[in-house]
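Reading through the structure tokens given below for one structure.
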Amino acid sequence: MAELDGAPAVVALVRRMAAAGLEAGVVWRTSRPELGLLEVIEPEGELHHPLLGLAAIEGEDELFVCPCDAITLAPDMIRRLVDARAVATDSPLCGVWPAEVRQQALVWAREGRSVQALAVDLARLDVGSIGNRNLPTLAPST
């Protein structure tokens, strides 16, 4: 719910996806009525793992997925990833995920395996840094 572009980051990213021509839903651990009209898919269970978001998305279509901490992800970057059917080089959780790979996500999360390992066979595209609000900013060395 950290602010980005004057709105909760997740809302700002949904707006950026819309600007790239995509419809968006949100995978969230608990209901968030303050998100307005966004579709919220709630993963089940107590396990905490980034792959649970992928596991919560049902269907047979490939989908563009991104974490809500992707603070520098811009509409043109999204379009490039979608057009290439690829995941971002610096963050494979961000990009196009085929249904057959997403369906493995729950098993991999339960086994404690990484997003990197699950994405190993996906096409990669360097679109620049998508950012990560969860990483500390390092002060410049003096």
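Just for region 110-141: of the residues that are hydrophobic (A, V, I, L, M, F, W, C) and at pLDDT below 85, which one is farthest from the chain's Cα centre (by Cα)?
First, the residues of region 110-141 that are hydrophobic (A, V, I, L, M, F, W, C): 115, 117-120, 122-123, 125, 127, 130, 135, 138-139.
Still in the running and at pLDDT below 85: 135, 138-139.
Values: LEU135: 16, LEU138: 24, ALA139: 27 Å.
Here the residue is ALA139.
Quick check, is ALA105 out of contact with any Ser or Thr (no Cβ under 9 Å at 6 or more places or on another chain) and at pLDDT 90 or above? No: the conditions fail for ALA105.
Candidates in region 70-120 are the residues that are within 24 Å of PRO8 (Cα to Cα) and among the hydroxyl-bearing types (Ser, Thr, Tyr); of these, the one that is surrounded by the most Cβ atoms within 10 Å (Cβ to Cβ) is SER91.
The values are calculated or read from the model by the stated rules, or taken from the named source; none is laboratory data. Owing to the predicted nature of the structure, the values given are computational and were not obtained by experimental measurement. Note that each Cβ is placed from the backbone with ideal geometry, even for glycine, and that neighbours are counted across all protein chains shown.
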